[in-house]
1. Looking at Phe41, Phe80, Phe60, Phe27, which one is in contact with a helix residue (DSSP H, G or I) (Cβ under 7 Å, 6 or more places away or on another chain), over 22 Å from Lys116 (Cα atoms) and of a type in the set (Phe, Trp, Tyr)?
2. Is one or more of the residues making up the stretch 86-103 within 22 Å of Pro26 (Cα to Cα), touching a residue at least 12 places away in the same chain (Cβ under 8 Å) and touching a Gly at 6+ places or on another chain (Cβ under 6 Å)?
3. So for the stretch 88-95 (the condition being closer than 19 Å to Ser52 by Cβ, among the basic types (Lys, Arg) and either assigned to a loop (DSSP other than H, G, I, E, B) or more than 19 Å from the chain's Cα centre (by Cα) (or both)), does at least one residue qualify?
4. Which numbered condition in (1) buried (at least 19 other Cβ atoms within 10 Å of the Cβ); (2) not in a helix (DSSP H, G or I) is the only one that Leu281 fails?
5. Looking at (1) part of a helix (DSSP H, G or I); (2) over 23 Å from the mean Cα position of the chain (by Cα), which is the only condition Gln142 fails?
6. Please list, ordered by residue number, the helices (runs of 4 or more DSSP H) wholly in the stretch 166-242 having 1 or more residues that are over 18 Å from the mean Cα position of the chain (by Cα) and within 23 Å of Ala300 (Cα to Cα).
7. Could you tell me which residue of the stretch 201-228 is surrounded by the fewest Cβ atoms within 10 Å (Cβ to Cβ), considering only residues that are modelled with pLDDT of 95 or more and over 16 Å from Asn254 (Cβ atoms)?
8. Looking for whichever is modelled with pLDDT under 95 and either on the phi > 0 side of the Ramachandran plot or not polar (S, T, N, Q) (or both) here; the options are Ile90, Ile77, Ile31, Ile95. Which one fits?
Amino acid sequence: MRSVFMDEKEDACLSLGEIAASVSGPFLPYIESSFQEVSKFLECPHIRVRKSAFEALGQFIISLHRVCKQDPSESHIAAFQKLVSAVLPIYMKGIQEDQERQVVMAVLETLAKVVKECQKDVLQEPGLVTELCRVIREVLEQKVACQDSEEDEEDDDDEQAEYDCMVIEYAGEMIPVLAEAAGGETFAPYFAGFLPLLINKMKPSCSAADKSFAVGIIAETIQGLGCVSSSFVPHLLPLLMGAARDEDQEVRSNAVFGLGVLAEHGGEAMYEHYPRILALLSNLISQERNSRVTDNVCGAVARMLMSNPGAMPVEQVFPVLLHALPLREDLEEYKTVYRCITFIYEHDPTQVLQQIPEIVRSSGSILGCKNLPTEARNLLLTLLCSLSAHCPAEFQMAILAHPPEVGSLINAAISSA
């Protein structure tokens, strides 16, 4: 049963966390006393109070890390490491021992935010990465207290099953976060340990949700591992190639993204596989009906073109990539696509100059997209400015082939760039 008293405790924790994260430096004198007070609520029987206490502790770490960035004095760094040494064991204990799935999800989510924000700085203590990975593994193996099915109420089976899946997803999302923060060389052995658990969720008999989860985590972790991913190519490539043909569109989408980032980071270990991957992607882009999958095909092709253009028939692939624009769902891939176009323009400008009409065709609707990532917009504007300056006749002819409002939008964007 909730009470006004408990609501006040929850609000107090949330407010302290928000203030700490918002003002950073001015809150520094109050960090230690706030930590002591908030810690008292970690054992509170009320779920919302415990959640808010765990979340506030994470915001204290983030706040102190920002102070260290602004003024990396010995005292600030020592205070930060002291707080990390106190809070992270509390988080691991909470994940392992708290009976409530909602609380464990909140701890995992806050832990991910802390590691994303602080990166290696929060992982300095010897053995910490090992301990964090051990706890994450326990969640993935359903061995923590909140996953004890004997504690569940019979009438809540569906809801508890949903929470069980979410707890595992939150734990899985820690894997790529740790990979990026710890660095590929450090994290590679831990990823090798997680891989059998993830592969186990990619069996044909597994649900689409399980397969999508596993493929997504693998793809995101490849990015965090960077060039170290090359050692995993023999294991990952067959898995991703198979998943790219899965009947579920989300599994296909994640697998195609994974193939792209594996090509980007896998280096020479991937070169011999380019023809096979390109054949698969070509087939997908001609037959696929799901927009997110085709958007990720564009991203994968762009990554391959940048990673090893010598292994790609650029004169055939590049026009197909441009023809597939605009993207429809995964707008983040615009950044990859326009990095690729810029890369080709710098290294083989003829390929781009031959495609001015196609570039102009898609530019109007892309510039009009409210959710276009800033980096992609800037790259596109730089490209359009360069093309209009170096090939004014061809550029204007391409604009005149479209309705006046398209030309007005493009010219206005160029003028304001």
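1. Only one candidate passes the filter, namely Phe41.
2. Within the stretch 86-103, none of the residues are within 22 Å of Pro26 (Cα to Cα), touching a residue at least 12 places away in the same chain (Cβ under 8 Å) and touching a Gly at 6+ places or on another chain (Cβ under 6 Å).
3. Checked the stretch 88-95: at least one residue is closer than 19 Å to Ser52 by Cβ, among the basic types (Lys, Arg) and either assigned to a loop (DSSP other than H, G, I, E, B) or more than 19 Å from the chain's Cα centre (by Cα) (or both).
4. Answer for Leu281: the failing condition is (2).
5. Exception for Gln142: condition (1).
6. It comes to 184-200, 208-225.
7. Checked the stretch 201-228; the qualifying residue surrounded by the fewest Cβ atoms within 10 Å (Cβ to Cβ) is Cys227.
8. Ile31
The values are calculated or read from the model by the stated rules, or taken from the named source; none is laboratory data. The structure presented is a predicted model; accordingly, all values stated were derived computationally and were not measured. Here the Cβ is made from the backbone with ideal geometry for all residues, glycine too, and neighbour counts use every protein chain on show.
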